[in-house]
Structures are given as C-alpha cells and as structure tokens.
Amino acid sequence: MRHKSTAAAALLLVASLAWPAVSFALNLRLSQIDASRLLLSQRVRLYVSVTDDLGRPVEDLRAEDFRVFESPDGERFTRIPRLEQFRPSAGIAEGVSFLLVLDNSGSMYDTLAGNPTEDPQAMRMTHARDAVRSFLSSMTDPKDTVGLVSYNTYYRLHAAPSKDRALVSAALEGITRPSREEAYTELYHSLSRAVREFEGLAGRKAIVILSDGENYPYSEHSGRPHPELGERVVEHTEPIRACQEEGITVYAVNFGAVKDPNLESIAVETGGTVFDARDRRELESVYRAIHEQVAGEYLLAYRATMAPAVRKFVRVVVQPAGAAAGPELSATRFYFSSTVFGLPLTSLSLLLLIPLLAAAAALWLLTALRLERRKGPAALEVLHTRVGRASTRVLPLGTAKTVIGGGRSADLTIAGAPGVKEQHATVVYDKSKKAYTVVSSGEVLVNNQPVKTRVLEPGDVIDVGGATIVFDDGEV
Amino acid sequence: MSTLVRRLIILCLGVLAGVAAWPLAELIVFNQAAFPSYLVFVAVLGAAVGLLMGAFLGAAEGITARIKSRILPGILVGAVVGVLGGAIGFLVGQAALLVIGELALQSTRSFQRVGLPVSRAIGWGFLGVFIGMVEGFRARSGKKIAVGLLGGLLGGLVGGFLLEYLRLLAPGFRLNRLVGLVILGAAIAVFYGLVEKGLAHGVLRVLNGALKGKEYLLTQSRVNIGRSRRNEVALPPYEDLADRQAQIRIRRGEAVLSNLEPKRPLLVNDRPVGGGKAGDRTGGEHRLKYDDVIRVGSVKLFYRVP
C-alpha cells in the first residue's frame, strides 16, 4: 500500500507515540462517538480504530487493553469503571453506512496530470468511477449500506444509502460532465448537506469524499448569487460541526496535486483521516484501506457520567499487550451531550429562595383575599346587552329619577339597540317608602315578567330592549 | 367573584406555581452530577415541578369558591398528585422518547430538535393531566375530571413545548427556565379555564346579599345549591336556606332545576315552581332557560350562558 496516511497530531485528537525499539507503531483513533441513546439508556458507543503504521487494523486487542475516561471540561477526567459492551471488528458485525461523495467539477474531466483531454479513458472521472466500482465489489458484508453523491456548483444525490450496490453502480453513470456554470466546487456546502442523507440510519456512519481541488464557491468567484445558497459562503467549520453532532466520520481522499487546505482538518476533527491518491490503483487501495479500517474498528459502550456540559470529552487509552505490546496510546474527542433541562447556573445563590418565598407569600395573600362586595349606594349594573352597547356598566342611583333609554340625554344610554326608545324606562325613588320603582313607557321585563310599574327588590333583573340590568340596593 | 376574576386567579396561581418551581428546578439541575442516571434525574425533576404546580393550582378551588377549609387540603392533595404526575409523566415522556428514538430519529440533531421537545412536552402534558384532575377527584365529578384531563393535557403540551423550545431558541438566556416554567403554569391554567368554559352548561350568578356578584360555572351534571359548604353552589350567608335546598341536574341535555326542600318555595321568574300541587312532595321541577331568575328563600340567582 503506497498511500500515505496523514493523520494530524495538531489537535487533541490523535496522539500516538513512537516506539523506538520496535519496527511498528500503532495509531489510535476515536473515529465515531454515538451518543444518540444517551438520554434513553445512559449509553455512549465509541468506535475505536487501532491501526499499524501501514494503516492496517490491529484486531487482536482485548477489552482489558482499553480504558475509557470522560470529562465535562476536557481537563478533569473520570475513569469509566466498566465497559458495558466490547466488540472487535464491529463494522463487520454491525455493518457500516457509507456515503461516497465524488467531486464532479470540471477538472475531473482532465487527465491525471491535469491536462485537458477528450479521451474518456484518460479522464480522472473514469479512474474514480472504476475505483468506486472496485470499492462496491469489495463490500461483501450484506449489512453494509452505501449511497452516492456528486458535487460541483450543485449537490446531487444519485443514490440514497441502501443495501443495493447495483443501484449505486448504475447511478455512477448518471454523473455527467458539468457545464461551465456547474463547474464550481461547493465542497464545504456539499459535505454539510451530505450529513442529512444519514437520517434514519443507526450505527456506524462514514462519508468518503473524493476531492480533486479546493473549495471554490460559486457566489465568491462568479460574482453572482448561488441559485440555491444565494450569497452565503459555507465555511469549513460547518461540515465539521454537522458531522460531530451526528457522529459521522469523514474520510477524505485527495485525488491529484491540488488539495483543499481544510479537508484534512475536516477529516481529523470528525475522527477520520486523509489519504492521497494519484491514479486508479492508488485510489482503489485507498478505498480498500478505508473499508478495512472501518470494518476492523472496536466498539466500546459504556454508561455516561452525569456531569452536565454541552460537550463531553471522551478519552480512550490503549495499552497493547501480547504480540502488539507497546507504549500506551491515547485519543481524545468530544461529543455533543444532550441536556435534559439545559445547563445549570454557574452558581447557586440564596437569592433563589426569594421567588419561592414571594410566590408562597402571594399564595397566602390570595387565600386571604376577600372578594365580597362592600356596602355601597344603590346602583344599576348592566350584565350584558344582546344588541347595542351600554354607556356605563355600573350606574349609582341617586334620589332623583334615573332615565334608561336609547337617547344621549338618558342617564343610562343603551346605544345601537333599535327596540329601545329615547326614554324607555325611569327608575324613581320614593322617599317615604325608601324604595325604587321602575316605570316604563316601552316594553320592560322585570325578572322576565312584563311590567308597567314595579317596586324593585334587591337583585331584580330588568330587561330593557335586550339589555340585562340588575338592580343592586347596595346592601350586603 | 365573576368567572373572569376566577379565571384570572387561576392564571395567577399558575404563574406563581412557575415562579415557585423555578428555584427547586435550578437546585436539581445544579446537582445533576449527583444523580445516578438521566432517568432518575428526569423523574426527580418532573416530581419537583409537579409538587409546586400541584400545590399552587390545588389551592385554586378553595380560593375561588372562598371556602378556606378547602384550601389546605387542596394544596396537600395537589402536591401529592403533582409529585406522582410529574414523575410518571416524565417517565412516560421518556418511554415516548424511546419509541420516537427507535422509530425515526437516529440523528442527534433531529433528536435534539424534535424528539426531545416532543417527548418532554408529552411528559409536561401528563403532569398537566394529573394536576388538572385533582379538583375533579375531590368533587367526585366525572365532568370535572374530564375538564382537568383535557385542560391539563393541552396546557401541559402547549406550555411544555414552549418551555422546551425556549431553551433551544435562547440557550444562553439565564432565566429561560423561569420563563418556561411560568409559561407552563400559565398554559395549564389558561387551558383549564378554556376547557372548563367549553364544557360548562351555564353560569349561576348571585344577584343579591353577601355573595352578590359571585358566579358559579356549572360543569357537573349534578349541582347542589344550599347553605352547606359541601354544595357546589355553597351559600352559607343566606340563613333561611336549607343545607341542601335545590339541585340542577342535566337530563337529556337540559338543565332541570328542582326544589329539594318544598317548605321554602322556589320561584323562577317570580312564578312558583311546581309548588302547591296536591301530592307533589318534590317541590316541583323547572327546565332552566338562560336568563332565568331563580329565587329561593332570600337568595336570587341568575342563570346565564357560560
């Protein structure tokens, strides 16, 4: 295998130590953290790739060789006492979902050396298609799923991930040479978009992207807004975040001399690696290596700690023993941890007692509330009007006469009710009897009985042309 | 107290419940790391919020009916039922999450944005159901239980969903849990009021005397009227009434008023009901229409649309 694995040690992701006395050095990668069941079963699943310096998976490690730590801040790590599950070659046992993402920009139709050509056999795309076909034929595990996407100015899904490899093989022919307008390279956007193709798929998920050049956004270089994205330029951090959230690993293949400067960090920060390939043969071996690595990963499941954090850091430490004995290896990555009810306050203060006490005090006040009517003057209270509108809701009654009617001069005006006369009814006070009497000139009901004149009792209900008015003597 | 004031008081209690539940929720969230698992954590959180929501809203009936002896039992029963409702509701929500999660959501993002808020809203809905039904069980009224069930469920679902989404929309906002809990409490109160109104067949308004202006929303299919505080329409200040003087029953969709103590005449619209007929020991019956004026003893009542 001539490919060169360029796993970066720059970030906190991979830290492998050389072992001077032995001819091989192991690589440890935490390629996927699946925390989707965290709140359901407290369980986090880790896919751990251990490879030798040729990129081949090391498959004879035992559960005792692994130690897992978790931290809410990336500094203070807690040892996970026990693994709930340990499974070597998890990719073979469970199957892997691959999404093949092919560059379909204009340069893919040049020769390998980068010269224009009209000979299809010399074009990079032909090499890429052949390599994909050989990748497909090497996928013998019936549990694996595979899908196909191409990108240039546009993102195109040719085959959604499925178990049907023939479908993907046929879809390869659907990738056609782009026009000038289509020949830009929306690399970052397409990677972000590709994440969505995994919706509804469980387990191990990997994007294998073949790139033959830099991210070359349409809106930035054509001077016109992108038909779908508009003026928005997608940064390389966007696919990183999307893949980290969903636990998807990006394996990047640089096909040709021109490399995107951020592709490597996209791969490394999502748990994958970068490969370089110059021709069909190298490309085939790269695809094979990716498949082998993913299939040969260890699955480690453990019960997550409860410390709240947006990001939880996981560290896997391997102490290889036996034939693979060597120095301790360690890899750290993070997952986006679900929070049940948000993150806690930074500190608790006794001031928090105030709302509790205030609410309790308000409750006590409410229980002490007396909502009885006070004694007051005699009054007419309008409960509702079927038609029209009353000028006031409560009208105190004096000793003078009180006119109820439709006219403005009335003391209680029922406006907009055609059945109400200018001066429909009058309430008069009889000093000697100390009683109010209603006298009507139109139709008036008291307690639903028609009356001409009637001495009012407390609580009598007067109906004046559809307005319901209660006589209140003011006593309680 | 008019039905509007009654509804405002319940709303007020819902808001206060949210305010009171907040410090407890903060205390629990702060100590998340001390819990053995998310399941236990979630159940305890639900129970704590349920405790205060139940206690505050449990006081509503006693306060609005102005019967002090009902307030403390209401608070206690509400608190117990709230604890159960919160814990069970959140475990049910968690189970729903399990189903949703297994069926459709393998994606962390959609789990966070859809699965989690939806399942949590289901949990809050259950909490609302339990709290809403407290009064129904106290009154042993199927209709009131139905009111609580529906009102609590809708309030819990809507309030819970808003609460969960608020967290997603404004994750950095320190008071988002407070606002969320207040919305939850208010939503349960509002929906309880709306459903109560929707299921009520009428309102009885006291027209005179000490309880003048007080309104009773009639949701139950059997409403007793009298001096005793056990009645749905309890009128203790009107001393010339019998303990249980009259009754309104729903019969074939109609509200029928009957006099239970024929010694005192029952009048509707100034006309005696059934009284005086030979051999009529029930005191007579009357099919109520809206705007009827009822008079028995010294009290006058107005029957109106809810």
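Dipole of the protein assembly as shown (Lys/Arg Cβ +1, Asp/Glu Cβ -1, origin at the Cα centre): which of A:GLN319, B:ALA242, A:THR176 lies farthest to the positive side?
B:ALA242
Can you give the local net charge around A:ALA378? Use residues other than it whose beta-carbon is closer than 9 angstrom to its beta-carbon, Lys and Arg +1, Asp and Glu -1.
Computed value for this residue: -3.
Tell me the Rg and the Dmax, in Å, that the Cα atoms of segment B:180-220 produce.
13.8, 43
Which whole-number percentage describes the relative contact order of chain B, with Cα contacts under 8 Å and a sequence gap of 6 or more?
14 percent
If you count, for every residue in B:6-14, the Cβ atoms of partner chains within 10 Å of its Cβ, what is the mean?
Counting other chains' Cβ atoms within 10 Å and averaging over B:6-14 gives 1.
Could you state the angle between the C-alpha long axis of helix A:353-368 and the longest principal axis of the C-alpha atoms of chain A, as a value from 0 to 90 degrees rounded to the nearest 10?
Here the helix axis deviates by roughly 30 degrees.
Taking the Cα-to-Cβ direction at A:ASP52 and at B:VAL114 and moving 7 Å from each Cα, how far apart do the two end points lie in nm?
Here the modelled spin labels are 4.6 nm apart.
Roughly how many nanometres apart are two label points built 7 Å out from the Cα toward the Cβ at A:SER162 and A:ALA415?
Taking the simple label geometry, A:SER162 and A:ALA415 are separated by 7.1 nm.
What spacing in nm lies between the two simple spin-label points modelled at B:TYR290 and A:ARG82, each 7 Å away from Cα in the Cβ direction?
The answer from the label model is 6.7 nm.
Quick one: B:TRP22, A:TRP364, B:TRP124, fewest Cβ neighbours within 10 Å first, how do they rank?
In increasing order of surrounding Cβ atoms, one gets A:TRP364, B:TRP22, B:TRP124.
Please give the FRET efficiency for A:ALA25 paired with A:SER89, using the beta carbon to beta carbon distance and R0 = 22 Å, rounded to the nearest 0.05.
With a Förster radius of 22 Å, E is 0.55.
Given a Förster distance of 56 angstrom, what is the FRET efficiency for A:LEU369 paired with B:ARG252, based on the Cβ-Cβ distance and rounded to 0.05?
0.90
If you put +1 on each Lys and Arg Cβ and -1 on each Asp and Glu Cβ, how big is the dipole of the protein assembly as shown around its Cα centre, in Debye rounded to 20?
Rounded to the nearest 20 debye, it is 4780 debye.
Using a ≥ b ≥ c from the Cα gyration tensor of segment B:1-105 (square roots of the eigenvalues), is it rounded, prolate or oblate, where a/c under 1.5 gives rounded and otherwise the larger of a/b and b/c decides, a/b for prolate?
Taking the square roots of the gyration eigenvalues as a ≥ b ≥ c, segment B:1-105 is prolate.
Once the cut-off is 31 Å, how many percent of the Cα-Cα pairs in segment A:14-336 end up in the long-distance tail?
Tail of P(r) above 31 Å: 32 percent of Cα pairs.
Where does the protein assembly as shown land on Rg(C-alpha)/(2.2 N^0.38 Å)?
This ratio for the protein assembly as shown stands at 1.38.
With axes computed from alpha carbons, what is the tilt in degrees of helix A:280-295 against the longest principal axis of chain A, rounded to the nearest 10 within 0 to 90?
Relative to chain A, helix A:280-295 is tipped by roughly 60 degrees.
In the structure displayed, which of B:LYS212/B:LYS300; A:LYS431/B:LYS212; A:LYS433/B:LYS214; A:LYS421/B:LYS300; A:LYS401/A:LYS452; A:LYS375/B:LYS212 lie more than 18 Å apart, Cα to Cα?
A:LYS431/B:LYS212; A:LYS433/B:LYS214; A:LYS421/B:LYS300
Which angle between 0 and 90 degrees, to the nearest 10, do you get for helix A:237-246 versus the longest principal axis of chain A when only C-alpha atoms count?
Long axis of A:237-246 versus the principal axis of chain A: about 80 degrees.
All other residues with a Cβ under 9 Å from the Cβ of A:LEU26 taken together, and with Lys, Arg as +1 and Asp, Glu as -1, what is their net charge?
-2
Radius of gyration and Dmax for segment B:129-247's Cα atoms, expressed in Å?
18.6, 62
Can you classify segment A:269-311 as rounded, prolate or oblate using the Cα gyration tensor, where a ≥ b ≥ c are the square roots of its eigenvalues, rounded means a/c under 1.5, and otherwise it's prolate if a/b beats b/c and oblate if not?
Judged from the Cα gyration tensor, segment A:269-311 comes out oblate (a/c at least 1.5, b/c at or above a/b).
With charges set only on the Cβ (+1 for Lys and Arg, -1 for Asp and Glu), what does the dipole of segment B:120-191 come to about its Cα centre, in debye to the nearest 20?
So the dipole magnitude of segment B:120-191 works out to roughly 140 debye.
For chain A, what is the mean residue ellipticity at 222 nm derived from helices alone (per DSSP H run of n ≥ 4: -39500 (n - 2.57); sum divided by total residues; nearest 500 deg cm²/dmol)?
-5500 deg cm²/dmol
In a Debye calculation with equal point scatterers on the alpha-carbon sites of segment B:202-304 and no solvent, what is log10 I(q)/I(0) at q = 0.14, 0.23 Å⁻¹?
Evaluating at q = 0.14, 0.23 Å⁻¹ gives log10 I(q)/I(0) of -0.46, -1.35.
Residues in segment A:129-158, backbone N under 17 Å from the label point at A:THR176 (7 Å along the Cα-to-beta-carbon vector): list them, ranges by number please.
Under 17 Å, as judged by backbone N against the label point of A:THR176, lie A:150-158 of segment A:129-158.
Run through all the Cα pairs of segment B:3-199 and give the fraction in each 5 Å bin from 0, expressed as whole percent.
Each 5 Å bin holds this share of Cα pairs: 2, 9, 16, 23, 20, 14, 9, 5, 2, 1, 0.
No lab work stands behind these numbers, since they all come straight from the coordinates. No experiment lies behind these values; they were computed from the predicted model shown. Every residue, glycine among them, receives a Cβ derived from its backbone with ideal geometry; neighbour counts consider all protein chains shown.
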